[in-house]
Structure formats: structure tokens, C-alpha cells
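Student: Starting off with a structure, shown below.
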Amino acid sequence: MRLKDKVSLITGAASGIGAATARTFAREGAAVVVVDLNDEGGHRMVDQIRDAGGSAEFVHADIGQPREVEAMVRAAVDRFGQLDILHNNAITTTAGHIGEIALAGWQKTVDVGLTAYWYATRCALAEMMPRKRGVIVNTASISGLGGDYMLGAYNAIKAGVINLTRTTAIEYARKGIRCNAVCPGPIATPALLGALNVQPGHIADRICQAIPMGRFGEPQEIANLVLFLASDEASYITGACFVADGGLTAHTGMPSLFGIGPEW
Ligand SMILES: NC(=O)c1ccc[n+]([C@@H]2O[C@H](COP(=O)([O-])OP(=O)(O)OC[C@H]3O[C@@H](n4cnc5c(N)ncnc54)[C@H](O)[C@@H]3O)[C@@H](O)[C@H]2O)c1
């Protein structure tokens, strides 16, 4: 077991990437604090983990509220005695062109998707520092590495998460604490599939066409990467961002000069 006797906290663990990571951490021996706004999904996740013989606790928190972030970290330590792994993962976002995004939507996106990542990191560091050990894994995105039409608020928070990761890493590297980010491409989670459901079907096809592997990723394919970064196998890795996107960002975007596309 790669996370035996570790205590982890995962935000947004009721669904998608967070849920896959919660199951994976539990399978590898970690106790999992499942944090989410969604009580039903959070309790379901805890039941799944316990039914499989693992250890988990649900904590309801809106990570956009600093008091609730403090409470979730306190709850992890009260229940399991320590905190070894923080996985900042939950977000909310708003769509729209830069010239049209509503101020309230921008602010909520930043509160949940960037400020909360920093504040949870700050609260977790207070628990990790005295023990001189700990791991933080932030879910960023390939959307933090470039721009996407209509996703300017999302692009801004994800770029912020990447640099928050780097600064956390360098400042705490000699304190025994590592911090890394994962940058997924399009992953088949309720968030993405829900957004695509309200779009014409050909949008999903066009996205898959743009991905060299020709398909969306699965949440488990990101959970596998988060597990590696959270485990001692990644003991010399800090301040890094790992892309898992089926090759999407490896492409310049330039159509083939020879007229031969990805399905040659
Ligand atoms: N799905 C993708 O294509 C994709 C691609 C790149 C990055 N990501 C990133 O992966 C992470 C997870 O996304 P997902 O696709 O699994 O989403 P998801 O919607 O399946 O899961 C997100 C979870 O976060 C919870 N949540 C939302 N706001 C919250 C809040 N304020 N407090 C606590 N919990 C809250 C939701 O209830 C939900 O259970 C996000 O950071 C997202 O940006 C996703």
C-alpha cells in the first residue's frame, strides 16, 4: 500500500476527479476526509470507501468560506490525529468573454478556485510544519497554461494555482513539505459532460478530434497521477506541474502541412 497510515483531505471528493482520487487513496491505505458541498455525494463516497474496508469521513464545507476551510482542516486532525496529504481540487466557475463576465461570477470563481486553495494550504501547513512532513497536490488544468475562448476566469485561476504551487514548493522544500500540480486536459467528469450536454453534440466530437489520443481522459487517469505525487515515490518532486491531456498541448494547433490529419 502506497499511502499506508497517511491521512488525506480532498476537496470536491463527491464527484469526478476528486471522487476517483478518494477511492484511490483509500485503496492505497490512506484515511480520507471527503470534503464537498454535496452532502448526498459525499456520504455516498464515504460509504463506498468503508464498504471496501477503508477509512473515511465526510465533512460538509463550502471552500469559498474561509471559516469552513479552517473547520475542514480542524475536522481532519480531530478525527484522524494528523494531516499528511491535502488535495485542493474543488472549483466553481463562470463562462463568458472577458468583456462580459459578471463581477460576482469572477469573484466567486477566484474565491473558490484560487483563494481557497491558498487558504487551505495555509491551514494545512500549520498542521504539517510541526511534523516536518506533508504533501499538497493542487488540481490545476491545461487551461492554466493557455487561453480558452469564454473561459477567461477559469484560465486566470488555473494559472494562479500553478504559480501558487511553485511558490509553496520552494518556500517549504526545506521544511519537509512537497507541493505539486496536475494539469488535466478534458476529462469525462460530470462537470465536463454536463457542460457538453447543453451544447450541440458536435462540440464533443470536435474536442475529441483536437486531442491526439482522440478521446476524453477518465477521472481515474488523473487520480493515478495524484496518487503518484502524493506518495513517497515522488519524494524528489516538488514545484512541478504534470500535464495529462492525451497529447492535446503537445500540438501547436497548426493543421498538417501535408493535409494528413490525426487519423492517418
Ligand atoms: N473535467 C475536466 O475536464 C477537467 C479538466 C481540467 C481540470 N479539471 C479540474 O479538476 C477539478 C475537479 O473537476 P471535476 O471535473 O472532477 O468536477 P466535478 O464537478 O465532477 O466535481 C467537483 C466537485 O466539487 C464540489 N464543489 C464545487 N464547489 C465547491 C465548494 N465551494 N466547496 C466544496 N466543494 C465544492 C462539487 O460539489 C463537486 O462534487 C477542478 O479543479 C477542475 O478545474 C477538470
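Any read-out appearing in this document is the output of simple, stated calculations on the displayed coordinates, not a laboratory observation. Remember, predicted model here, so these are calculated numbers, not experimental data. Neighbour counts are summed over all protein chains in view; Cβ atoms, including those assigned to glycine, are modelled from backbone coordinates with ideal geometry.
Student: Of the residues that sit in region 175-224 and are small (G, A, S) and more than 14 Å from the ligand (Cβ to nearest atom), which one is nearest to S141 (Cα to Cα)?
Tutor: Residues of region 175-224 small (G, A, S): 176, 181, 185, 188, 191, 194-195, 201, 204, 210, 214, 217, 223.
Still in the list and also more than 14 Å from the ligand (Cβ to nearest atom): 176, 201, 214.
On the way: G176: 26, G201: 23, G214: 19 Å.
The residue in question is G214.
Student: Collect the residues in region 10-42 that are surrounded by fewer than 20 Cβ atoms within 10 Å (Cβ to Cβ) and either away from the ligand (no atom under 12 Å from the Cβ) or in a strand (DSSP E or B) (or both), keeping them in residue-number order.
Tutor: Within region 10-42, R27, E28, G29 qualify.
Student: I'm checking my understanding of the structure. Among residues of region 163-174 that are touching a residue at least 12 places away in the same chain (Cβ under 8 Å) and either surrounded by fewer than 18 Cβ atoms within 10 Å (Cβ to Cβ) or among the aromatic types (F, W, Y) (or both), which one is nearest to the ligand (Cβ to nearest atom)?
Tutor: Ranking the candidates gives R166 first.
Student: Please state which of the following conditions A156 fails to meet, knowing it meets all the rest: (1) part of a helix (DSSP H, G or I); (2) free of Cβ contacts under 8 Å to residues at least 40 places away in the same chain.
Tutor: With (1) part of a helix (DSSP H, G or I); (2) free of Cβ contacts under 8 Å to residues at least 40 places away in the same chain applied to A156, the lone miss is (2).
Student: Please list, ordered by first then second residue, the pairs with beta carbon atoms under 8 Å, 6 or more apart or interchain, first in region 19-42 and within 12 Å of A230 (Cβ to Cβ), second of a type in the set (S, T, N, Q) and within 12 Å of the ligand (Cβ to nearest atom).
Tutor: T21/N89; T24/Q220
Student: Give me the pairs: first residue in region 248-264 and closer than 15 Å to I207 by Cα, second residue assigned to a helix (DSSP H, G or I), beta-carbon distance under 7 Å, and six or more apart or on different chains, which are they?
Tutor: L248/I142; L248/A210; T249/I142
Student: While we're here: Taking the condition of being in contact (Cβ under 8 Å) with a residue 60 or more places away in the chain, in contact with a helix residue (DSSP H, G or I) (Cβ under 6 Å, 6 or more places away or on another chain) and either assigned to a strand (DSSP E or B) or over 29 Å from E263 (Cα atoms) (or both), how many residues in region 213-233 meet it?
Tutor: Adding up the residues that qualify gives 2.
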